[in-house]
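Bear in mind these aren't lab numbers, they're just calculated from the coordinates by the rules spelled out. Predicted, not measured: the structure shown is a model, and the values here were computed from it. Cβ atoms come from the backbone with ideal geometry, glycine included; neighbour counts cover every protein chain shown.
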Amino acid sequence: MFTQIHYPRAMSGETLDQYLEQGWFRMGQMIFTCQFLCFHGALYTALWVRLSLPEFEFRRGQRKLMNHNGRKFRIVCREAVFDETKEALYQTHKKRFEGYIAGSLVESIFGESSRDIYNTWETCIYDGDRLVGASFFDIGDETIASIMGLFDPEYRSDSLGYYTMLLEIEWAKKMGKEFYYPGYVVPGYGRFDYKLRIGDVTYFDIFKKDWYEYNDLSEEGLISEILKEKLYTLRSELEKNSIHSEVILYPLYDRNLVGEDQENFVHYPMFLSCYHHKSNNRFLIIEYDLHDKVFRMSRARKYEDSLSYLSYIIFEGYDERTSFLEFLIKEETLLKTNALPKLLAAIKKYDHVIRGERF
């Protein structure tokens, strides 16, 4: 699965290191990993990145910013304290975040729990007695993970969000840590590119289970691009054979239904639907399996009343013309193959679907 969530009852520094090493990240009191993201109805790859610290040296521009802000502001680094001042800063800053936004800072850090199982610290920036910036990070045995940065928009010109990351890195180096984890970046979607400014980061390859130089990354090798290339190539071949199909975004790919076998879910954020008509209850769909490198053709049906389980927030930014916003359950896998002629022949056997017949 491309999205996983764990709910640990405790989190030692060693265990946090192990999770981070495999491309996981803390959210609230849970810890998760994901490889796909959708923004404004488009599919992207999430790449988890890290910075190796032992040989890292701040660049000239970074030192200049740190020296300038170090003279202008008062810096405090300590175990995290959650108070009204930071809550007010969170409320001022949170409009800059994307996706689901927790209603409060405490909710964002603690989730539904009353305690923090992580060793969370903070870096606070004060202009006199005024809190103008803050960041929160978790400490492992050999790592630190940057969780959140906040700053007063009146101080935007001081680059406080970037500055707190540099302060976290400086602190981690002084503590002898091996790696700094700032979360994910999204190639092709520049909102998170600021994380690349810290230095020569590496990214985690989910198939090879290892870390590689981000500067050597090939856009064609991103899993979102592979998925799109395979499905759109297939769609083009189907068009040549007068078979109507649509490439569909499926935002519910990483959510499960209680009482249903997980094997019957559609686990990819994009699939191809043959003879597609959304008024139908049953569909002939094709997924591209990135693990086995084969197309998988299945019969699928809508799950009745699925929308009653969901919040409209999930579907924000999705176009109903290009996205499927109901749960699909696979009834039967009909074929697995990487041979297009074999796949085309199998699809043609079901051309009676377009005439409204059941299958």
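Below is a table of values for the structure above.
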quantity: Computed [θ] at 222 nm, helices only, for the chain once each DSSP H run of length n ≥ 4 contributes -39500 (n - 2.57); calculated: -7000 deg cm²/dmol
quantity: Spatial separation of Cα centroids for the stretch 56-81 and the stretch 106-179, in angstrom; calculated: 12
quantity: Pairs from Lys302/Lys330; Lys86/Lys195; Lys208/Lys230; Lys209/Lys293; Lys64/Lys86 whose Cα-Cα separation, in the structure shown, is over 19 Å; calculated: Lys86/Lys195; Lys208/Lys230; Lys64/Lys86
quantity: Cβ-based net charge around Met11, under 10 Å, with every Lys or Arg adding one and every Asp or Glu removing one; calculated: -1
quantity: Global geometry of the stretch 3-217, whether rounded, prolate or oblate, following the gyration tensor of its Cα atoms and the 1.5 cut on a/c; calculated: rounded
quantity: For the chain, diffusion coefficient by Stokes-Einstein and Kirkwood Rh (Cα), 20 °C, 1.002 mPa s, µm²/s; calculated: 95
quantity: Per-residue Cβ neighbour rank within 10 angstrom, fewest leading, Ile144, Ile31; calculated: Ile31, Ile144
quantity: Extreme residue, positive dipole direction of the chain, given options Tyr203, Tyr250, Gly176 (C-beta unit charges); calculated: Tyr250
